[in-house]
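Asks: Would you mind keeping the following structure in view while I ask a few things?
What follows draws every value from the coordinates through simple rules; no lab data is involved. All values derive from a computational prediction rather than experimental measurement. We place every Cβ from the backbone using ideal geometry, glycine too, and count neighbours over all the protein chains shown.
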Amino acid sequence: MAQIPLGASDEHEHIVSDINIDYVCFLLIHCFQYEDNEEVVLWMNTVGPYHNRQETYGYFSLPFCRGPKKGISHYHETLSEAIQGVELEFSGLDIQFKANMEKTPFCKITLTKKDYHTFEFAIRNYYSYQMYIDDLPIMGSVGYLDENDSKAVYLFTHKKFDIGYNGDQIVDVNMTSEGKIRLEIGQEIEFSYEVNWKPSSVHFEDRFDKYLDPNFFQHRIHWFSIFNSFMMVIFLVGLVTMILMRTLRKDYARYNRDEELDDLDRDLGDEYGWKQVHGDVFRPPAMPMLFSLMIGCGYHIAFVTLLVIIFSIMGDLYTSRGSILSVAIFVYAAASPVNGYFGGSLYAQFGGKHWIKQMFWSAFAIPLIVCGTAFFINFIAIYYHASRAIPFATMLAVASICIFIILPLTLVGTVLGRNISGQSNNPCRINAVPRPIPEKKWFMEPLVIVILGGILPFGSIFIEMYFIFTSFWAYKIYYVYGFMLLVFLILAAVTSCVTIVCTYFLLNSEDYRW
Ligand SMILES: *[C@@H]1O[C@H](CO)[C@@H](O)[C@H](O)[C@H]1NC(C)=O
């Protein structure tokens, strides 16, 4: 990689460029430029079954061997790479920019019984490994299974790299696995590699295009899904308008009649449904802390999602490892005041007394849920020695982000929220005695409405969810963030409409626990 003058002595500069080059390159844009015969690092990443991208192990957990070149032994990961289980290790292969290399053996192993079984297991489960050259991912399969002869497992021992360059930049990498040998215990296996450099006309900015699979993300499906959701939005908006029109028309009719009736008749008139509960609707919920916590977290998540999607549209975040996760963590931490503001002000409006407790809970609710899940998965990962096991330092980093960034920012938001909009300004007085809730049909119970209400929003996003999860578990790169933004907006619209309709139904059955 390009030498970066750091104003240090030659010796020092060498060390810096060896160890910290990835940090430096992270900050500078122009570090993907090479001089002739400059070292190009091949990083070995992870190995795992082809059908589940989330199950990964370090490349050298299989009995592969390293090339002769010593150097950077372990890559210094960023936080999000550590969380995603990226485990880059130097391959030890000597690759130089624009220098072709004939087939060269780089190391040898003697296959012990244990090694044999490890390889056999990997090959039978279609393990494939991932490497990086200059941030371009390369996939290769460990071995090959003969369909006709179930006993035979074959291992690929030769890696042939075809690297395309444009000017002084690497724009394309193909790797072919060759040198198929049948595995036998006690056998001596020699691994070799070969490098061919070819001029290429691909532009550096477009070098990730070949990893994007336009067939998979058939735009027609997206449009269909969006059309589908859009219809749902129209239907719901229609329903909401209809409800509003109906009640409004009734109100008008009543006001017209009021002029003819006296006061007593008006009070005992045909009031029913939601008008009966006006003395109770603003009664604070049974668990104000939980409620305001969830409201605050909801605002927070919606805000973070929107920002991250917009960032992803603006910069092609998929081109560098883990950057979406980094951005998400950063935005989440920075947006904590949103959580504090809405949660804190709502809690103050309910007249809650334990606002410090409320703030702690809302600051840590999502991190706790996420970390709890991660911790659980981590246990399983450690048990199986997967590379996704999160190192202790990473846990410490996440914990300190929570304590030193999220908590103070939430405090700021809470204080602001309590002072700016902490006063309740309800249009109706709350009755001293709660009104009894009448018996009603089972589908009008709040719990049933909550569950049924979730169906429509889910229906509006599930096709997009399918794509997101496929990119999560299979080797597809998700890149249609424009669609994601649209779907997110539709989701927001559907959710609001469903909420209005559900609230209306609930209040209409004279249940004030909305
Ligand atoms: C890699 O493979 C693709 C598809 O076969 C080909 O178009 C491209 O030229 C190859 N690149 C190099 C550097 O060989």
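Asks: Against the longest alpha carbon principal axis of the chain, how many degrees, from 0 to 90 and to the nearest 10, is the axis of helix 113-124 turned?
Replies: With rounding to tens, the tilt is 50 degrees.
Asks: Next question. Shape verdict for the range 394-461, please, from the Cα gyration tensor: rounded (a/c under 1.5), prolate (a/b greater than b/c) or oblate.
Replies: oblate
Asks: Let me ask something additional. Ranked from highest to lowest mean number of other Cβ atoms within 10 Å per residue, what is the order of the peptides 145-156, 358-369, 193-204? Intermediate values should be presented prior to the final figure.
Replies: On the way: 145-156: 13.1, 358-369: 19.7, 193-204: 15.3.
Averaged packing, sorted descending, gives the order 358-369, 193-204, 145-156.
Asks: If you consider only alpha-carbon coordinates, what radius of gyration and Dmax does the range 311-399 have, in Å?
Replies: According to the Cα coordinates of the range 311-399, Rg and Dmax are 17.1, 50 Å.
Asks: Give me, ordered by chain and number, the residues 5 or more places off CYS107 or on other chains with an amide H under 5 Å from its own placed amide H.
Replies: Amide H to amide H, under 5 Å and 5 or more residues apart or across chains, CYS107 pairs with PHE191.
Asks: Calculate the tail of P(r) for the range 34-73: the fraction of all Cα-Cα distances greater than 16 Å, expressed in %. Numbers along the way, then the final one.
Replies: On the way: 403 of 780 pairs.
Here the long-distance tail beyond 16 Å is 52 percent of all Cα pairs in the range 34-73.
Asks: For the chain, take the longest principal axis of its alpha carbons; what is the angle in degrees between that and the long axis of helix 407-421, to the nearest 10 within 0 to 90?
Replies: With both axes taken from Cα atoms, the answer is about 20 degrees.
Asks: Using only the Cα atoms of the range 80-202, what are the Rg and Dmax in Å?
Replies: For the range 80-202, the Cα radius of gyration and maximum Cα-Cα distance read 16.2, 48 Å.
Asks: Would you please put 346-352, 327-333 in order of how densely packed they are, using the mean number of other Cβ atoms within 10 angstrom per residue and starting with the highest? Don't jump to the answer; show the numbers that get you there.
Replies: Details: 346-352: 20.6, 327-333: 18.6.
Listed from highest to lowest mean packing, they are 346-352, 327-333.
Asks: Also: Taking amide hydrogens as modeled 1.01 Å from N in the peptide plane, which residues meet the under 5 Å criterion relative to HIS278, leaving out close sequence neighbours?
Replies: none
Asks: Using amide H atoms built 1.01 Å from N in the peptide plane, name the residues 5+ places from ASN125, or on other chains, whose amide H lies under 5 Å from its own.
Replies: Those qualifying (amide H under 5 Å, at least 5 residues apart or on another chain) number zero.
Asks: What are the ³J(HN,Hα) values, in whole Hz, obtained from phi via the Karplus relation 6.51 cos²θ - 1.76 cosθ + 1.60 with θ = phi - 60°, for each residue of the range 374-383 in sequence order, with x given for Gly and Pro?
Replies: With coefficients 6.51, -1.76 and 1.60, one gets 4, 5, 4, 5, 4, 4, 5, 5, 5, 4 Hz.
Asks: If you don't mind, there's one more thing I want to ask. How big is the Kirkwood radius of the range 415-514, worked out from every pair of different alpha carbons and given in Å to one decimal?
Replies: One over the average 1/r among Cα pairs gives 17.2 Å for the range 415-514.
Asks: Over the chain, what is the relative contact order in whole percent, taking alpha-carbon pairs under 8 Å and six or more residues apart?
Replies: Computed over the chain, the figure is 17 percent.
Asks: To continue, here is another question. Hey, could you grab the Kirkwood Rh for the range 446-494? Inverse mean 1/r over distinct alpha carbon pairs, Å, one decimal.
Replies: That comes to 12.0 Å for the range 446-494.
Asks: Continuing with the same structure: Over the range 94-158, how many percent of alpha carbon pairs lie in each 10 Å bin up to the one with the longest distance?
Replies: All Cα pairs, binned at 10 Å, distribute as 16, 40, 31, 12, 1 percent.
Asks: In whole Å, what are the Cα extents of the chain along the three principal axes, biggest one first?
Replies: 103, 60, 46
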